[in-house]
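Let me begin by presenting the structure, written as structure tokens, before commenting on it.
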Amino acid sequence: MKQTISLKMLQTLRKGVARISPEAKQTVKHYIESQLMPDGLFADKTLCKSDIYYSVFGLMLANFFDVKIPSRISTNHLNINALNLLEYSSLVRVRMLLSMRGLRKFLIPFRKHRTHIPVFKEFPHSDPCSPYSQFLLWSLKEDLRYKITDKEVIIASLENYRLSDGGYSNILPTLNSQLSTLNSKLSTLNSQLSTLNSTVAALMVRGQSQGYNSNDPAVEYLIDIQDDTGGYKATYDAIIPDLLSTATALFVLSCYGVKPRIDPAPFIEAHWLDTGAFASTLPDMTGDIEYTFYGVLALGTL
């Protein structure tokens with residue numbers, strides 16, 4: 001059986017944990033524990049309330065850093081919009097991770113929950129066909145063991161978002177063109193360039209559907225846009241690279257069996273804080289549970 005995107009990610013995360021020394025592992029563990037809320041879920045950036053999205057990252061980390069999570073946790077008190085693709089996907093993964101005891105058990109308890117996926121009404125970028133929306137829906141269906149029968153339609157749809165620089169955008173080029181008439185010349189230039197989020201999303205869907213072909217122009221695009229620091233920027237006009245963009249780019253390249261042009265290890269190390277957390281960017285001195293996940297994931301690609 002083909003590995004799901006979630007399993008690929010978890011196995012890469014496990015490799016990242018294996019690269020961490022026992023002493024450093026304890027520091028990261030203490031940080032993860034500090035992000036737990038009384039209800040057993042993980043805090044958002046404000047550390048004031050539990051958040052379903054951040055709990056996905058926290059629970060994945062907790063599984064590999066031996067953080068004790070209460071055996072009975074309810075998500076019913078959270079205000080989850082089941083018609084929002086991102087929120088519903090996060091809820092499903094939290095429930096899966098709470099039932100998980102090692103990689104071999106992942107997904108097995110959820111076969112009985114595969115009878116219904118809502119008809120979503122809210123999507124990233126308000127577009128159900130964008131690469132990121134397609135990525136979320138594809139991985140959700142994989143996790144719930146749905147058979148994906150419209151692969152050709154999905155791949156054909158993704159091509160509408162591919163740009164001439166080799167990457168992808170989450171906004172249709174035709175819409176970009178319409179918007180550019182209302183903006184400055186600089187905005188026009190930027191609107192015609194691919195983004196990292198959309199490109200890695202499209203590459204993961206294409207890889208799962210058609211196999212990981214390293215000759216895909218978008219793979220070459222990812223190799224070429226790596227910053228001299230070893231990191232990746234979210235967009236062409238971003239001031240500095242960030243850890244999330246770097247980790248996702250490295251993860252996708254590893255799935256395609258391709259090495260980055262520049263060794264990213266120093267970049268990743270520079271974002272590792274004394275608290276055990278990973279920072280989003282170099283000016284960030286606090287980090288959060290999401291970026292700590294991406295830091296460990298990035299280590300797993302080295």
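Observations
- Across segment 5-72, Cα-Cα distances exceeding 17 Å account for 43% of all pairs.
- Using R0 = 22 Å, the C-beta based FRET efficiency linking Leu83 and Thr235 works out to 0.15.
- Added length on full extension, which subtracts the Cα-Cα distance from 0.36 nm per residue, Lys141 to Asp227: 27.6 nm
- Most simply put, the chain has about 90% antiparallel DSSP beta bridges, counting only bridges with both residues inside it.
- Between Pro128, Pro241, Pro264, the residue with the greatest mean-square fluctuation in the GNM of the chain (Cα pairs under 10 Å linked by springs) is Pro128.
- Note on Leu282 and Lys68: the model spin-label points, each 7 Å out from Cα along the C-beta direction, lie 4.1 nm apart.
- Portion, in percent, of the accessible area of the chain that falls on carbon or sulfur, probe 1.4 Å: 55
- A straight line joining the Cα centroids of segment 230-269 and segment 110-173 runs 23 Å.
- Among Leu91, Leu250, Leu282: highest mean-square fluctuation, GNM of the chain, C-alpha pairs under 10 Å: Leu282
- Pairs exceeding 22 Å between alpha-carbon atoms, taken from Lys25/Lys68; Lys2/Lys121; Lys233/Lys259; Lys25/Lys233; Lys49/Lys233; Lys8/Lys49: Lys2/Lys121; Lys25/Lys233; Lys49/Lys233; Lys8/Lys49.
- Extension gain for Val119 to Ile155 (0.36 nm times residue separation, less C-alpha to C-alpha distance): 10.9 nm.
- Helices in the chain, meaning DSSP H runs of at least 4 residues, each add -39500 (n - 2.57). Divided by all residues, the mean residue ellipticity at 222 nm is -14500 deg cm²/dmol.
- Surface per residue (accessible, 1.4 Å probe) for the chain, Å²: 49
The values are calculated or read from the model by the stated rules, or taken from the named source; none is laboratory data. In this text, all values refer to a predicted model and were calculated from it rather than measured experimentally. Here Cβ is always computed from backbone atoms with ideal geometry, including for glycine, and neighbour counts include all displayed protein chains. Only protein heavy atoms, including side chains, enter the accessible area calculation; ligands, DNA and RNA are left aside. Shrake-Rupley method; radii C 1.70, N 1.55, O 1.52, S 1.80 Å.
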